[in-house]
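J.: First the structure, then my questions, so here it is.
Please treat every number below as a calculation from the coordinates, not as lab data. As the structure is a prediction and not an experimental result, all values here were calculated from the model. Heads up, the Cβs are rebuilt from the backbone with ideal geometry, glycines too, and the neighbour counts pull from every protein chain shown.
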Amino acid sequence: MEKQEKQAIEILHMMCGNNGCVISDSGGKDSSVLKHIALKVKNRYGLEYKIRHNHTTVDAPETVYFIRREKEKYEAMGIPYEIFYPAQSMWQLIVSHGTPPTRIMRYCCKDLKENTGLGEKLVTGVRKAESRNRKENQGIVTITNPKKKLVSEIEENENFQLTNKGGGWLFLI
């Protein structure tokens, strides 16, 4: 585990560089690992970063309370922690789209999670074990909006390259 943590620290340091980044916090275990790694990078290399949570309006109360506690904890350490609230709740989005989100119609991410950070380097914690698609794509994620650098990493000790081909960001994890 120590080797994996060291590699994750180096990867995050390389990804964020001297310009800093935004650590995305969903309130889940992957985000908690990512925040832990970011704190280690800050202590070792002086990484400047902030944490951002996009409130979905449908999180379990325990998640909401956890996020509030995390905000207090990180702000007490001098790390900015933002909580963004959407213009419309999930329930309002369901009415306006005429259907709940599905695997084919995934408006919830676009409307609730990916509406902040234009021009910022955003780091999210994801694992291949989360879905068959992530496992089968071998960690390759293409982001078609080049203005928003969505950095998907912190997997199970995998290496990656970052390129900007075809008008989008390509991550080889």
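J.: How would you rank MET77, MET90, MET14, going from fewest to most other Cβ atoms within 10 Å of each one's own Cβ?
T.: MET77, MET14, MET90
J.: Right, here's the next one. I'd like to compare 17-28, 51-62: which one has the highest average count of other Cβ atoms within 10 Å, and what's the full order after that?
T.: 17-28, 51-62
J.: Which of the residue pairs LYS40/LYS113; LYS73/LYS110; LYS42/LYS71; LYS3/LYS71 have a Cα-Cα distance greater than 24 Å in the structure shown?
T.: LYS40/LYS113; LYS73/LYS110; LYS3/LYS71
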